[in-house]
1. Any chance you could count how many residues in the stretch 101-118 are touching a helix residue (DSSP H, G or I) at 6+ places or on another chain (Cβ under 9 Å) and farther than 12 Å from I91 by Cα?
2. Report the residue count in the stretch 145-160 for those that are part of a loop (DSSP other than H, G, I, E, B) and in contact with a Lys or Arg (Cβ under 9 Å, 6 or more places away or on another chain).
3. For the structure I just gave you, tell me whether I61 is surrounded by 12 or more Cβ atoms within 10 Å (Cβ to Cβ), within 18 Å of G126 (Cα to Cα) and at pLDDT 85 or above.
4. What's the number of the condition M144 fails, among (1) in contact with a Leu (Cβ under 9 Å, 6 or more places away or on another chain); (2) free of Cβ contacts under 8 Å to residues at least 40 places away in the same chain; (3) among the aliphatic types (A, V, I, L, M)?
5. I'm trying to understand the selection: among the residues of the stretch 81-134, which are assigned to a strand (DSSP E or B) and surrounded by fewer than 17 Cβ atoms within 10 Å (Cβ to Cβ)?
6. Go over the candidates A107, A118 one by one and state the one that is under 19 Å from Q54 (Cβ atoms) and over 13 Å from the mean Cα position of the chain (by Cα).
7. If you go through the stretch 121-154 one residue at a time, how many are modelled with pLDDT of 95 or more and within 22 Å of V168 (Cβ to Cβ)?
8. Quick one: in the stretch 45-55, of everything that is in a loop (DSSP other than H, G, I, E, B) and either among the small types (G, A, S) or surrounded by fewer than 19 Cβ atoms within 10 Å (Cβ to Cβ) (or both), which residue is modelled with the lowest pLDDT?
Amino acid sequence: MQPNTDVEQLIAKMAEDIQDKFLQSEQDEVLMIGIHTGGVWVAQRLHQLLKISQPLGALDISFYRDDFSRIGMNPQVKPSKLPVSVDNKHILLVDDILHTGRTIRAAMNELFDYGRPASIRLIVLGERSGRELPIQADVVGQHMSLGPHEHVKLNGPEQLSLTVTTTV
């Protein structure tokens, strides 16, 4: 299945789902955090559409990855930016593509180093098969069926688009 080319339409639908599921009460205690880089791009759009009162946060999980020694340091490691404490906040953690679950595990490890959230809800633009960890998204823009050698990437940040590539 090819990804939906209208990413903005997917994000608008995701915003409706988030509003219905998580923003009916305790909106002041909601903190949206995007995972660098694609997750931040999606989170920026969602944060604006949902008019969340707390400032948007961003995580760079490079140092928390379990494959850090294998893949080496990301040449563009950026500091995480959490504008307020995560303690007792309802976190909306946003990423672009959920695949193995390892990025999300790393993000949660980093979040807990900053404090103890009341809850963490996972919001992803795309979800594909190949999970290696028991991690599941609460809101998904699009489910994708890709082969083992296919990879999906979010391009941006100005105009967001999804592309699928094949490796051998």
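1. 6
2. Going through the stretch 145-160 one residue at a time, the tally reaches 3.
3. Against the criterion (surrounded by 12 or more Cβ atoms within 10 Å (Cβ to Cβ), within 18 Å of G126 (Cα to Cα) and at pLDDT 85 or above), I61 does not qualify.
4. (2)
5. Matches in the stretch 81-134: K81, S119.
6. A118
7. Residues that pass the stated criteria total 0.
8. Per the criteria, the residue is S53.
The values are calculated or read from the model by the stated rules, or taken from the named source; none is laboratory data. As the structure is a prediction and not an experimental result, all values here were calculated from the model. Here the Cβ is made from the backbone with ideal geometry for all residues, glycine too, and neighbour counts use every protein chain on show.
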